[in-house]
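Here is the structure we will look at, set down as structure tokens.
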Amino acid sequence: MSSSVLLMSMSLDGFIAGPNDVPGNPGGDDFMRLHKWYEGPDGEFGRPDGPAGEIVDELNATGAVLVGRRTAEQVDYYGGDHHGTPLFVFSRTPDQAAAAKYPAVTFESDIAIAMAQAKAAAGDKDVLVHGAYTAQRALEAGVLDELQIDQVPVLFGQGRRLFDVLPNRIELDVVRVIDTPAATHLRYRVRR
């Protein structure tokens with residue numbers, strides 16, 4: 001059965017983007033610091049060696065992607081293709097130009113419907129979830145199953161937080177902890 005899994009790199013103080021996170025500067029200032037753990041043995045962005053590489057393999061094995069419109073816009077809807085999987089964009093107002101440019105991208109304004117569509121498309125594979133707002137709404141609606149938080153040993157001090165606003169407390173169960181010099185990779189299951 002498919003699970004929905006948020007994958008997010010985050011600073012120790014809870015930031016997923018640096019200051020000045022605007023369309024011309026996606027992720028904000030020093031955003032790539034949160035993703036240095038993705039560096040391969042040659043220092044290039046890709047698949048790291050060791051246990052962190054397994055997390056990248058899991059990301060690439062997902063069967064669909066659910067992303068918020070803001071995140072999708074910042075990366076130009078992944079060019080209409082996020083590792084060859086169907087792409088679902090959670091948005092109250094679909095981007096008509098993007099819909100025309102990327103016909104394989106599905107827009108949906110209801111988070112529960114968007115997740116159901118993504119899970120159906122993913123089959124027995126997981127759904128990769130991106131975007132802070134989308135994660136918050138999915139948690140609120142009870143349709144986010146797991147969180148893969150890659151906690152990076154840095155304090156940003158400012159920027160965009162992952163969990164700024166939640167409607168209530170949400171209990172989590174620890175599924176896995178992988179500690180590497182570049183990040184501590186924490187996998188949680190949402191307790192129902």
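For every residue, the table says whether it meets (1) of a type in the set (S, T, Y); (2) assigned to a helix (DSSP H, G or I); (3) in contact with a Lys or Arg (Cβ under 8 Å, 6 or more places away or on another chain); (4) touching a residue at least 40 places away in the same chain (Cβ under 8 Å).
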site: N20; (1), (2), (3), (4): no, no, no, no
site: K36; (1), (2), (3), (4): no, yes, no, yes
site: P48; (1), (2), (3), (4): no, no, no, yes
site: Y77; (1), (2), (3), (4): yes, yes, yes, no
> If you go through the range 159-192, how many residues are in a loop (DSSP other than H, G, I, E, B), of a type outside the set (A, V, I, L, M, F, W, C) and either at pLDDT below 95 or buried (at least 19 other Cβ atoms within 10 Å of the Cβ) (or both)?
Replying inline: 8
> Identify, please: which residue in the range 50-67 is buried (at least 18 other Cβ atoms within 10 Å of the Cβ) and touching a Lys or Arg at 6+ places or on another chain (Cβ under 8 Å) and is, among those, nearest to H82 (Cα to Cα)?
Replying inline: A64
> Out of the range 149-187, which residues are over 24 Å from M32 (Cα atoms) and in contact with a Lys or Arg (Cβ under 9 Å, 6 or more places away or on another chain)?
Replying inline: I170, E171, L172, D173, V174, V175, R176
> Quick one: which of V56, V65 is at pLDDT 95 or above and either among the β-branched types (V, I, T) or not in a helix (DSSP H, G or I) (or both)?
Replying inline: V65
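Select from the range 132-182 the residues that are of a type in the set (D, E) and under 15 Å from A112 (Cα atoms) and list them in ascending order.
Answer for the range 132-182, where residues must be of a type in the set (D, E) and under 15 Å from A112 (Cα atoms): E140, D145.
The values are calculated or read from the model by the stated rules, or taken from the named source; none is laboratory data. As the structure is a computational prediction, the values presented were derived from the model and not from experiment. As a convention, Cβ positions derive from the backbone with ideal geometry for all residues, glycine included, and neighbour counts pool all protein chains shown.
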